[in-house]
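Each remark here refers to the structure printed beneath this line.
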Amino acid sequence: MSTATIAKPAAKQPGKGGRRMSLPVLLLVISGVLILVSAVRLITGADGITSTGQMSTALRAAVPIGLAGLGGLWAERAGVVNIGLEGMMILGTWFGAWAGYQWGPWTGVLVGILGGALGAVLHAIATVTFNVNHIVSGVALNILALGTTRYLSKFTFEDAPQGSSKQSPPIDSLGTFDVPGLSSWLETLNQKHWFLISDIAGLVGGLITDLSPLTVVAVALIPTTWYVLWRTSFGLRLRSCGENPVAAESLGVNVYKYKYIAVIISGGFAGLGGAFLSIVASNVYLDGQTAGRGYIGLAAMIFGNWMPGGLALGAGLFGYTDSLNLRGGTTNVHALLLLLAILLVFGVAYLVWKKKYVPAVITAAISALMFIWYVNTDEVPNQVVSASPYVITLLVLALSAQRLRMPKADGLPYRKGQGK
């Protein structure tokens, strides 16, 4: 039989979650959000929410989240839930820093990928070979990775120059670059603070300013993942393992092999995200450096409905809120309260149109509270700024839960020959 037959289990099912937003509608929504953000910036005077520097920092913060999300996407498309992304990222940060300060940053990147893949092998052995519960295996891996890296740091970094038991020596930079001419022109345009035009200039300028080569590699992995998983026979077989492994096996697919490959690639992506944190984002390894980004990456994957494009949008959203900690957070988050209150008003209108009156009333109450909070304060506490990425994560997952469609066999136990 041809491999095209394998695609049948993954066919889109009719129903509420089957409709996708068309490109014109998506562009209209994006345009509306940009106009609303620009209006809020003018009303509040918080020019930093769309500045080139803010967007550049947001991209840098989004990369490790996006890489962790890509790792989760590969594993779960093959039917393996990867809660262990956080542990694989931790291994990536440590191994990347350990190799990076001794043999150079690019070597650190490669060893960081191998560190994450090593953790993935353990997760694959537990879940695929021994059929251990995927959640239990992932949590155990996270704990093991945290304890192992702390133990190893005492013997490797503590006696090294400028190192300690919780920090590695500095790592040489990979360097950064701008797009000649265009970056500076967009930054100048952004500083004029014109309605909408300056905001678009800040958004685009942030994506092409102060770029690390590793950022470019990470962004390129998103369309690459889409092409491999949705346009190749290899991706077709891998996805069939996450939809209906029994049917895939009946057509000659080695399900164990594809699950192993997917989980190891997943760990490599998470390890790359960890190496990005220790080599690019801060140029040192720090204990607790991942700060839950593996879990946020998993949330970005779920927000994106197990698709690379949606995952990228989720990572960008979470990266932006994460970057608020670094650039005028209290003022900018205060301005975003007004933006959120207005967006929730549109949410109320949508819920009323769908005749969902109880959720509409609850959403209206939350919107009113946000508006009252904004009017009666000038800034928000630092604790709110620090918690904003996690609050946004929970809020987005709660709002998007109605349209999610995970792979059918994701997390389900499988044994070779069970369909006979």
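The values are calculated or read from the model by the stated rules, or taken from the named source; none is laboratory data. For clarity, every value in this text was computed on a predicted model and none was experimentally measured. As a convention, Cβ positions derive from the backbone with ideal geometry for all residues, glycine included, and neighbour counts pool all protein chains shown. Only protein heavy atoms, including side chains, enter the accessible area calculation; ligands, DNA and RNA are left aside. Shrake-Rupley method; radii C 1.70, N 1.55, O 1.52, S 1.80 Å.
Here are the numbers for this structure:
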item	result
Full-extension gain in nm, L34 to F346, via 0.36 nm per residue minus C-alpha separation	110.9 nm
Chain lengthening between T330 and L286 when straightened (0.36 nm per residue, less Cα-Cα)	13.3 nm
Hz values of 3J(HN,Hα) by residue in the stretch 382-389 - Karplus curve (6.51, -1.76, 1.60), Gly and Pro given as x	4, 4, 5, 4, 5, 8, 4, x
Accessible solvent surface per residue of the chain, calculated while the other protein chains remain in place, 1.4 angstrom probe, Å²	47 Å²
Max mean-square fluctuation residue, GNM over the chain, Cα-Cα springs under 10 Å, options N332, N82, N376	N376
Alpha carbon convex hull of the stretch 202-335, volume per residue in cubic angstrom	135 Å³
In order through the stretch 241-249: 3J(HN,Hα) via Karplus (6.51 cos²θ - 1.76 cosθ + 1.60), integer Hz, x for Gly, Pro	5, x, 9, 8, x, 5, 5, 4, 5
Span from the the stretch 55-124 Cα centroid across to the the stretch 146-161 one, whole angstrom	19 Å
Estimated inter-spin distance, W194 and I366, nm [label 7 Å along Cα→Cβ]	3.7 nm
Of E76, E158, E243, the one that fluctuates the most in a GNM where the chain has Cα springs shorter than 10 Å	E158
Cα centre as origin, Lys/Arg/Asp/Glu Cβ charges: the chain dipole, Debye	2020 debye
Long pairs among K354/K408; K154/K257; K259/K354, criterion Cα-Cα beyond 30 Å	K154/K257; K259/K354
Net charge contributed by nearby residues that have their C-beta within less than 15 Å of I135 (K/R +1, D/E -1)	-3
The chain - percent of accessible surface contributed by carbon and sulfur, probe 1.4 Å	68 percent
For a label point 7 Å along the Cα-to-beta-carbon line of Q162, residues of the stretch 251-291 with backbone N under 11 Å	283-284
Where only C-alpha atoms are counted, convex hull volume of the stretch 296-420 per residue in Å³	144 Å³
The stretch 177-246-the stretch 275-326 distance, computed between alpha-carbon centres (Å)	14 Å
Amide H within-cut-off set for V80, under 5 Å, with H built and near neighbours excluded	G411
Separation of the V136 and Y227 label points, Cα + 7 Å toward Cβ, nm	4.2 nm
MRE, 222 nm, helices only [DSSP H, n ≥ 4, -39500 (n - 2.57), over the chain, to nearest 500]	-22000 deg cm²/dmol
Vicinal HN-Hα couplings computed from phi for the stretch 105-110 (Karplus, 6.51 cos²θ - 1.76 cosθ + 1.60; Hz; Gly/Pro x)	x, 5, 5, x, 4, 5
Volume per residue that the Cα convex hull of the stretch 344-394 spans, once the total is divided by residue count, Å³	82 Å³
Lys, Arg +1 and Asp, Glu -1 on Cβ, resulting dipole of the stretch 123-202 about Cα centre, debye, nearest 20	300 debye
Dipole magnitude of the stretch 230-358, debye to nearest 20 (Cβ charges: Lys/Arg +1, Asp/Glu -1, about Cα centre)	400 debye
For A291, distant residues with modelled amide H under 5 Å away	none
Spacing of the two label points (7 Å from each Cα toward its C-beta) at A387 and N254, in nm	5.1 nm
GNM result for the chain, Cα springs below 10 Å: residue of W74, W373, W98 fluctuating most strongly	W373
